[in-house]
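Here the structure is laid out as C-alpha cells; the discussion comes afterwards.
The values are calculated or read from the model by the stated rules, or taken from the named source; none is laboratory data. These numbers come from a predicted model, not from an experiment. Glycine also receives a Cβ, built like all others from the backbone with ideal geometry; neighbour counts cover every protein chain displayed. Each accessible area value is taken on the protein alone, full model and side chains, heavy atoms only, with ligands, DNA and RNA left out. Shrake-Rupley method; radii C 1.70, N 1.55, O 1.52, S 1.80 Å.
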Amino acid sequence: MVVGLEVHAELLTKSKMFCRCSTRFGDPPNSNVCPVCLGLPGSLPVVNGEAVRLAVIAALTLNCQVNLRSRFARKNYFYPDLPKGYQISQYDEPLAVNGYVMIPGPPPKKIRIRRLHLEEDAGKSLHAGDDITRAAYSLLDFNRCGVPLIEIVSEPDISSPEEARQYLEELRRILEFTGVSDVKMEEGSMRVDSNISLRRAGQDQPGALVELKNLNSFRAVVRALAYERDRQSRILAAGGTVLRETRGWDESLEITVPLRAKETSEDYRYFPDPDLPPLVLSEEWLEKVRREVPPLPEEKREYYVNVLGIPAYDAGILTSSRKLAEFFDECMSEGADPKVASNWILSELLGYMNSCGLGPDAIPTSPEFLVKLVKLIEKGVISGRIAKDILVKMAETGRDPEEIVREEGLQQVTDEAFLQQVIDQVIAENPSAVEGIKKGRSKAIGFLVGQVMKKTGGRANPEIVNIIIKSKLEWIRDA
Amino acid sequence: MNDDALWNMKASALLELMAAGEVSSVEVVEAFLDRISEVEREVGAFLEVMQEEALAQARRIDKLRQSGEYPGLLGGIPVAVKDNICAAGAGCTCGSRMLADWTAPYDATVVRALKEQGAVIIGKTNMDEFAMGSSTENSALGVTRNPWDLRRVPGGSSGGSAAAVAAGEVPLALGSDTGGSVRQPAAFTGVTGLKPTYGRVSRYGLVAFASSLDQIGPLAADVKDLCLLMDVISGFDERDSTSEDRPVPSYSQALSRSTRGLKGGVPKECLTQGVSPGVRRCFERALEMLEELGIDIKEISLPMTRYALDCYYIIAPAEASSNLSRFDGVRYGVRAETESFEKMYMRTRRNFGPEVRRRIMLGTFALSAGYYDAYYLRAAKVRTLIRRDFKRAFEEFDIILSPTAPTSAFLLGERTQDPLSMYMADVLTVPANLAGLPALSVPCGFEEVPGSGGGGEGEMVRRLPVGLQITGRPFDEETVLCAGHAFYQAVAPGVEAELARMRKGLGRASQGSTRCCVQGSG
C-alpha cells in the first residue's frame, strides 16, 4: 500500500493572507470581507508577513529546506466560492521543500515531505441540495476566503492506515506546538486529502492512483484508507484493474464512493501571479525566525525528564498538547516543584477536566492558582485531602485557592490542645480499636487517625494527630 | 464661443485664475459641463457625466478658497477618469456589457489622491472593452469619435479620455496603458499622454487587463498640465505590491531643466513597422527640431523589439484570461439564469464582446498544459531580452525617440474586421510596456489625409495629428517630460492654432438639436 497525504492547515494569523480582514472563525457570514478578499475588480493582494513567518516556522520544524526566493502563482478554476476565478497559491517555486517527520512506529520511520507552500483558502458554499449540480440554490460565505493556509505534501512513504494516523498525529502536534495552526479538523483548520495506490508484491511500480476526499477526521482517514486498501486488493485479486479516479469517504456508510467523474483532467493553467513580486527572504531574517522557533514536543519532553526529573510517561502527557505544556511551564516560572506540580496537573487537574470533557485548550484554572494551592499544602495551611476539594472549587468557579480557604474556613487544625480533646473522645468511642493496638495491630492506628479527620471535617493535621495518638497509646500501654 | 472660453484653457491657467479669485471652481466646472453637452453628441467621449457630484465638489473647493485654505494641487480642476478606474459611487463598466450595472464601492488610489488634491471628478470615459483595443470601437456601450475628424477613431483603448481632452470637454484625464492605450489615442487626438514607469503609479482600483503591463497614465493638452496630474498620482501605495517605494520628484519643477546635451537614440527598427509617409515626415521634422534644441541624435538598434508585438500578444492575453475569470456571473457580471450552474457560466461569459473572447481564448491556450513552455514561458524570455536591449541602449542614451503610432487616426470600421491590422497600431508602443519604461506621446505635427470632399465646407484634405514618442529610463520621467516639454513649446504655436480651429468646428451640428432637447425636457 502506497499512500501520500496532502494536509492543509490554516495559519494562526489575525488577518487574512492578502488583506487585513479578520480570520475569526464563526462570525456572521460575509462579515469579514473587503474588496481584496471578495476579488472586487481593481483590488490587489498584499502578502501578510506574519503568515510567511508562521509558514517558515512550520517548514523549519518539519526539517524542510526553506527557499529564500519563492513565488506566488495563480491556480485558475471556476467555482462560486472562488471570487477571483483563481486561487493564489505557490506552484513551481514553493516556500520550502525536502523535509520529513519521524513517526514512532514500531518501528520508527521517516516520512519525507516533498514540499510546503503558502496559499489562500476559498470561501464556503452551502448548497440547498446534495451538491452544486443538483441544488435549487447555493449560499456563499466569504469569511474564510483568503484565510492563509499551508499545504504540506508528503512523499508516498506511508504504507498503512496506522502510519497515516501517526503521521497526521505528529503533524498536528508539531503545528499546534509551534503555534502555527490550531489544527482543528472539526472547524476545518486542518484538512486532509489522500492519494493511495497498491503495489503488487515484487513490483516496483505502484498501480493506479486513487485520490480520497471528504476525510473530515483522523478516524475517517484511517477507515477510508483501510477500506480503499481492501477494495483495491479485491479488484486486483479478481484480475481487475483499479481505475484512476477521485473517491469520497461516506461517513455514514463507511465506504468510499466515486465522486462525479471528471470529463477532462483538470488544467489549472498555473502561472506566476503578476500582482505579487517574488517572495524573497533574507538570510538574516531566516536566522531570526530560526531562533524564534518554539521547542518541539520531543525537545520539551527530554528537558522535563532529564532536567526536571519528571517520569518519562508523565512528561509525554504534559507535552502531548502545547497548552498543557505551556501551563506546566508557567507553573515552573511561578516557582513550583516540578514533580509536585506535574502530579497535581496529571492526576487531579486532568482528572477533573476529563470528567467534564474539557480539552487541553480549556484548562479551567490558572498556573498561578495551582501553584498557590500547592504552596498552601507545603506550608501546612491545608491538608492534601482538602486541597483536592479546593481544586474542584477552583476549576468550577475560577477562584483563587487562598480566597476559598479563607472564606470557607478550611485551614488545617494544628492546635494541639483542641486535637487532644478530639483524640480522647475518639479513643473513648473506639475501645475495640484500642484493644487491637494493644494486641499489636498497628493498622488500627490509621483507623483512629481517620476518625479524627472525620470529626474535624478533614482539617486536622494528620501528622500531628498521628504523633498524639501514638504518645497517648504508649501512655495507656505503660499504665 | 471664443478662444478665451474657460473650457478652452489649460489646467495651469485655470488654477491661476482660481487662485487669483477671478473665477470660481463652480464657474469652471459649469463651463466644462456646458461644453460637454455642446459637443458630446458628436464626440461621445463619456459613459457617465457626474454633474451633481462635480458641482458639489466645486462648491466645496470654492468654500475652502474663500476661507483662505489651500484647496490642493488640483483644487477645482475637472478631471475625467477612464471607466476602468474605480471611483466610489460611480459606475465602472470597463466598456463592457458584463459590468454595465456595476457600481464601484471604493476609490482607486489615484482617484483618492485626485480628490485629496481638490480635483473635481467630472465623469467616466469610454474605452475599448476591458482596455482591449486600439480604437475604442470595442466598447459595448457607445461610439467615440475623433474630434479632428468625426469619421475617424480616437484611438484606444483610452479613446474617451483622449477625445474628451482634445475636444475641450475636460482639461485633464486619466487613462490606462497596457500596450499603448494612453499614448496612441493621445497621438490620434493631438494631445499629450504619458505611460509612467511600471510601479510609479498605483494600480489599486484599476480593473486589471494585463497586470504586469498595466499602468495608469495622464492625458492633457500639454506637458505642463500633464505634470500637474503626475505630481498628484505618482508614488508608492501599500495596497499595490508592484508599486515602488522610492522618492517622487516634482515633475512640474523638473520642466525648467535644460535639454541641451541630452542624447537621443532613434531605433532603426521603428521606421520599418508600416509607418505611413506622413507620419515619417512629421517624425523626421521632429528629430530636426530636437537637434535644434541641443539634443544629440543618433541611430541605434533594438533588435529584439521586432518580436515585441508577438510577445505582447501572448503575455497580455494570458494574464487577461486569468484576470477576467472573476466575471463569471456569481459576484460580477450580468448573470445569465439557466437550469445548471455550468450553463450559467457559459451563458454569462457570452456578455463579453468578440475581442475580449478572442483574447481570453488566446491566453487560455497559451497557459494550457503542454503549451505553456512554448508560448507563455518563451514570451516571458523574449520579454527579458527586450528589457536587455533597452538597458543596453540607456547606457548610452538618455531618451529613445520614435513615432507613437505608425499612422494617424484611421476610419471608424476600417480595421474592425482585421484584428491583426488593429494590433499593428500598437507596434511602436508595446515595447515600453514590456520593458516597464516611461514613455510620452507629444503632438509633433499633422499628416494630411483626404478630406470629406464634396460641397459646403467640404475640404479636399484633412489634417490629422501625429505623435512623437519619447521613452526614458525606468523612473526617469523627469528627463522624458523635460524633453517633451521643450519640444512641445517649439511646436505649440502651430499645434494649438490647429487645435483651436478644430475645437471651434465642434458642436455646430448639435447646437440646433441641443435647443430642441432643452425645450423637450422642459
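What trypsin sites (Lys or Arg not before Pro) does region A:214-244 have in DSSP loop regions with at most 14 other beta carbons within 10 Å?
Here the sparse-neighbourhood loop sites are A:ARG244.
Work out the length of the dipole vector of chain B about its Cα centre, built from +1 on the beta-carbon of each Lys and Arg and -1 on the beta-carbon of each Asp and Glu, and round it to the nearest 20 debye.
Dipole magnitude for chain B comes out near 1040 debye.
Using only the Cα atoms of region A:295-408, construct the convex hull and provide its projected area averaged over every direction, in square nanometres to one decimal.
Averaging across all directions leaves 6.7 nm² for the Cα convex hull.
With a 1.4 Å probe, how much accessible area is buried between chains B and A, both sides summed, in Å² to the nearest hundred?
When B and A are taken together, about 3000 Å² of accessible area is lost.
Give the range of the longest stretch in chain B that excludes all trypsin sites (Lys or Arg not before Pro) found in loop regions by DSSP and having at most 12 other beta-carbon atoms within 10 Å.
B:1-259
Farthest toward the dipole's positive end in region A:416-478, which of A:ILE423, A:GLY446, A:GLY457, given Cβ charges of +1 (Lys, Arg) and -1 (Asp, Glu) about the Cα centre?
The listed residue farthest towards the positive side: A:GLY446.
Stretch A:ARG200-A:LYS14 to full length: gain in nm at 0.36 nm per residue minus the Cα-Cα span?
62.2 nm
Hey, rough spin-label estimate for B:ASP4 and B:ASP245, points 7 angstrom out along Cα→Cβ, what's it come to in nanometres?
Reported label-point gap for B:ASP4 and B:ASP245 is 5.2 nm.
With +1 on each Lys and Arg Cβ and -1 on each Asp and Glu Cβ, how big is the dipole of the protein assembly as shown about its Cα centre, in debye rounded to the nearest 20?
1800
From the helices alone, meaning DSSP H stretches of at least four residues, give me the mean residue ellipticity at 222 nm for chain B, per-run term -39500 (n - 2.57), in deg cm²/dmol to the nearest 500.
After summing the helix terms and dividing by residue count, I get -12500 deg cm²/dmol.
Mind checking which of A:GLY42, A:CYS21, A:GLN65 is farthest towards the positive end of region A:1-92's charge dipole, using Cβ charges of +1 (Lys, Arg) and -1 (Asp, Glu) about the Cα centre?
A:GLY42
In cubic angstrom, how much convex hull volume per residue do the alpha carbon atoms of region B:157-244 span?
For region B:157-244, the hull spanned by Cα atoms encloses 81 Å³ per residue.
Show me the trypsin sites (Lys or Arg not before Pro) within region A:347-402 that DSSP assigns to loop and that have at most 13 other Cβ atoms within 10 Å of their Cβ.
Loop-located and lightly packed - A:LYS379.
Would you mind working out the accessible area per residue for the protein assembly as shown, using a 1.4 Å probe, and quoting it in Å²?
42
Test of the criteria: in region A:106-171, which trypsin sites (Lys or Arg not before Pro) are in a DSSP loop and have at most 12 other Cβ atoms within 10 angstrom of their Cβ?
For trypsin sites (Lys or Arg not before Pro) across region A:106-171 that sit outside H, G, I, E and B with at most 12 neighbouring Cβ atoms in 10 Å, the list reads A:ARG134.
Lys and Arg at +1, Asp and Glu at -1: add these up for the other residues within a Cβ distance under 15 Å of A:ARG112 and post the number.
-1
With point charges of +1 on the Cβ of Lys and Arg and -1 on the Cβ of Asp and Glu, referenced to the Cα centre of the protein assembly as shown, which listed residue (B:GLY507, B:VAL248, A:VAL180) lies farthest in the positive direction of the dipole?
After comparing all options, I get A:VAL180.
Calculated from DSSP H runs of 4 or more alone, at -39500 (n - 2.57) each and per residue, what is the 222 nm mean residue ellipticity of chain A, nearest 500?
Result for chain A: -12000 deg cm²/dmol, rounded to the nearest 500.
Would chain B count as rounded, prolate or oblate if I go by the C-alpha gyration tensor, calling it rounded below 1.5 in a/c and otherwise prolate when a/b exceeds b/c, oblate otherwise?
rounded
What do you reckon, how do B:THR364, B:THR197 stack up by accessible area (1.4 Å probe), largest on top?
Ranking B:THR364, B:THR197 by accessible area, largest first, yields B:THR364, B:THR197.
In debye, nearest 20: dipole of chain A around its Cα centre with unit charges on the Cβ of K, R (+) and D, E (-)?
820
Quote the FRET efficiency, to the nearest 0.05, computed for A:GLU429 versus B:ARG347 with a Förster distance R0 of 60 Å and r equal to the Cβ-Cβ distance.
About 0.05, to the nearest 0.05.
Which value in nm describes the separation of the simple spin-label points at A:LEU209 and A:ARG229, placed 7 Å from the Cα toward the beta carbon?
2.1
At R0 = 56 Å, how high is the FRET efficiency between A:LYS470 and A:ALA136 if r is their beta carbon distance? Nearest 0.05 is fine.
0.10
On the protein heavy atoms, probe 1.4 angstrom, tell me the percent of accessible surface of chain B carried by carbon and sulfur.
Ligands and nucleic acids excluded, carbon and sulfur reach 50 percent.
I'd like the FRET efficiency for A:VAL392 and A:GLU292, computed as 1/(1 + (r/R0)^6) with the beta carbon distance as r and R0 of 41 Å, rounded to 0.05.
In this case the efficiency is close to 0.60.
A:LYS379 versus A:LEU358, label points 7 Å from Cα toward the beta carbon: distance in nm?
Each label point is offset 7 Å from its Cα along the Cβ direction, giving 2.4 nm.
Taking Cα centroids, how far is region B:149-198 from region B:72-142 in Å?
14
Tell me, how many Å apart are the Cα centres for region B:292-310 and for region A:194-265?
Using only Cα atoms to place each centre, the spacing works out to 62 Å.
Give me the three principal axis extents of region A:416-478 from the C-alpha atoms, as integers in angstrom, largest value leading.
Principal-axis extents of region A:416-478 (Cα, largest first): 30, 19, 18 Å.
Between the alpha-carbon centers of region B:229-271 and region A:446-468, tell me the distance in whole angstrom.
92
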